[in-house]
1. Return the FRET efficiency for the residue pair THR42, LYS121: r is the Cβ-Cβ distance, R0 is 30 Å, and the value is rounded to the nearest 0.05.
2. Expressed in nm to one decimal, what extension gain is obtained for the pair ASP133 and GLU73 from 0.36 nm per residue of sequence separation less their Cα-Cα distance?
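Just so it is clear, none of the values below were taken in a lab; they were calculated from the coordinates. A quick note: this is a predicted structure, and the numbers were derived from the prediction, not measured. Virtual Cβ from ideal backbone geometry, glycine too; neighbours counted across all protein chains shown.
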Amino acid sequence: MSCKVKAFKAYSLALLAIIGLNLLVSMSVITPAKAELKLCNTTSSRVGVSIGYREKARWATEGWWNVASNTCEVLLKGKLIARYYYIHAVDYDRGGEWSGKDTMCTIDKAFTVFGVTDCVKRGYKRTGFFEIDTKNEHDWTVRLKYPDENGKK
């Protein structure tokens, strides 16, 4: 084999290695893993949202996120820690709420509450939440709709 052929093969292998490395680096930068619980307000109203979930051995409820009409808001960032989450939302413009049979503790201002029993005794409201089954996915989006759009309200 001539020196030119050997040099060309070495150059080609080096070039392929550099291209492969650049491709791996760019793929890891372009496609980061996504993990979050997001709520999209598909209504024409502004809504306030609170969320409940089981964290290790205790229940936690948090609120309020103010979500403008036709926008989305990340409620929890990172890998979801539970299969089931619970949502309560209030329609600021039209009135009404999205609620359910599962009760948790809330108050009217920003809050984090641990535990779901004795809400009133502890100075909180006892509020109904509806259940979201994430099916153990790491990323989930909830879409709020009006009842006439097959939503819960």
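1. Numbers: r = 37 Å, r/R0 = 1.24.
The calculated FRET efficiency here is 0.20.
2. Working it through step by step, the gained length comes to 19.8 nm.
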